[in-house]
Amino acid sequence: PVSCVYGADECPRPTGCHNGFCGRCEDAFECREYETCRADGSCGECSSDTACRPGSVCRYGFCMPSRIETYNMVIDPQDFATMVEDVENQNYYPCELQYEGVDYSTGQTECRLQGYSSRKKYPKKSFRIKFPEDSEHPGYSRKIILKADYNDPTFMRSVLSFETSRRLTDVPTPRIRYRRLDVNGEYYGLFMEIERISGDFMEDRGRDASQSIYDADFTPPYG
């Protein structure tokens, strides 16, 4: 049997991760995000709210969260103003992160703008929040990526494209979820939290984490 130490993402579809091995599922927690455990023991689309994990509802075959949870980024107002106005830099600024009433700050938590064209073109910015090694955090990884998706008024394109890749291909695909972002207690916007691709990401999906990982960096044309 195929082991699945890190969950159902390591398993071939439509199997789940039960007791550390890929096979028949027994409940929705043994399936991937947005999936349910069906009556035949396979993971896939839901047909009712009761089939989903607690706190989720069935919408168009997806088990979606019944409420969007909140990150509150606490940062010096002047630092925040400088960060969002000086779009040419990617400097990190000290910050704190609170999630559902719990303060995950360590004194070394930092944040900066994320992206390139979105950083320059759109008033709503994307962010990266970085935690120190081995510290507790509420994200998929210690580097939390919050994508603004300003140019998508539906806020559905990213979710649908990532989930389509997860369901229809064997390509390791980052997890994605909605998050509300407050800045110093004031609402800033709706975001997509996207799992960062790293060595841990590859290892969690049974890939060789020692191989090279490339990060595309857009360079504007000359002239």
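The values are calculated or read from the model by the stated rules, or taken from the named source; none is laboratory data. The shown structure was predicted, so the numbers you read here are calculated from the model rather than taken from an experiment. Because the Cβ atoms are built from the backbone with ideal geometry, glycine has one as well, and the counts that use them run over all protein chains shown. These area figures cover heavy atoms from the full protein model, side chains too; ligands, DNA and RNA do not enter into them. Shrake-Rupley method; radii C 1.70, N 1.55, O 1.52, S 1.80 Å.
So the values come out like this:
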{"item": "Surface share of carbon and sulfur [accessible, 1.4 angstrom probe, percent] for the stretch 1-51", "result": "52 percent"}
{"item": "Solution diffusion estimate, µm²/s, Stokes-Einstein, the stretch 79-135, Kirkwood Rh from C-alpha pairs, 37 °C, viscosity 0.692 mPa s", "result": "269 µm²/s"}
{"item": "Selection of GluC sites (Glu not before Pro), the stretch 68-124, meeting DSSP coil and at most 10 other Cβ within 10 Å", "result": "GLU88, GLU100"}
{"item": "Hypothetical label at SER210: residues of the stretch 1-32 whose amide nitrogen lies under 15 Å (7 Å Cα-Cβ projection)", "result": "none"}
{"item": "Net charge of neighbours whose Cβ lies under 13 Å from the Cβ of PRO77, counting Lys and Arg as +1 and Asp and Glu as -1", "result": "-4"}
{"item": "FRET efficiency, 1/(1 + (r/R0)^6) with R0 30 Å, evaluated for ALA81 and ILE197 via beta carbons", "result": "0.45"}
{"item": "Positive minus negative residues near TYR92 (Lys, Arg vs Asp, Glu; Cβ under 9 Å)", "result": "+2"}
{"item": "For the chain, accessible area per residue (1.4 Å probe, heavy atoms of protein chains only), Å²", "result": "56 Å²"}
{"item": "Potential extension, ASN151-LYS120 segment - 0.36 nm per residue separation minus Cα distance", "result": "9.9 nm"}
{"item": "GluC sites (Glu not before Pro) within the stretch 1-44, DSSP loop, no more than 13 other Cβ atoms inside 10 Å", "result": "GLU26"}
{"item": "Alpha carbon centroid spacing (whole Å) that separates the stretch 147-176 from the stretch 81-103", "result": "24 Å"}
{"item": "Pair TYR99, VAL57: separation of 7 Å Cα→Cβ label points (nm)", "result": "2.4 nm"}
{"item": "Estimated [θ] at 222 nm from DSSP helical runs (n ≥ 4, -39500 (n - 2.57)) normalised by residues in the chain, nearest 500", "result": "-4000 deg cm²/dmol"}
{"item": "Fraction in percent of alpha-carbon pairs per bin - 5 Å, the chain", "result": "1, 7, 12, 16, 18, 16, 13, 9, 5, 2, 1, 0, 0"}
{"item": "Estimated dipole of the stretch 78-216 in Debye, rounded to 20 [Cβ of Lys and Arg +1, of Asp and Glu -1, Cα centre]", "result": "640 debye"}
{"item": "Where only C-alpha atoms are counted, convex hull volume of the stretch 1-113 per residue in Å³", "result": "168 Å³"}
{"item": "Accessible carbon and sulfur surface of the stretch 100-177 relative to its total accessible area, %, 1.4 Å", "result": "50 percent"}
{"item": "Environment charge of PHE201, counting only residues whose C-beta is closer than 9 Å and scoring Lys/Arg +1, Asp/Glu -1", "result": "-1"}
{"item": "Trypsin sites (Lys or Arg not before Pro) lying in DSSP loop within the stretch 138-223, provided at most 14 other Cβ fall within 10 Å", "result": "ARG207"}
{"item": "Potential lengthening between GLU45 and GLU69 on full extension [0.36 nm per residue; Cα-Cα distance subtracted]", "result": "6.3 nm"}
{"item": "q = 0.15 Å⁻¹, the stretch 143-219: log10 I(q)/I(0) [Debye, one scatterer per Cα]", "result": "-0.66"}
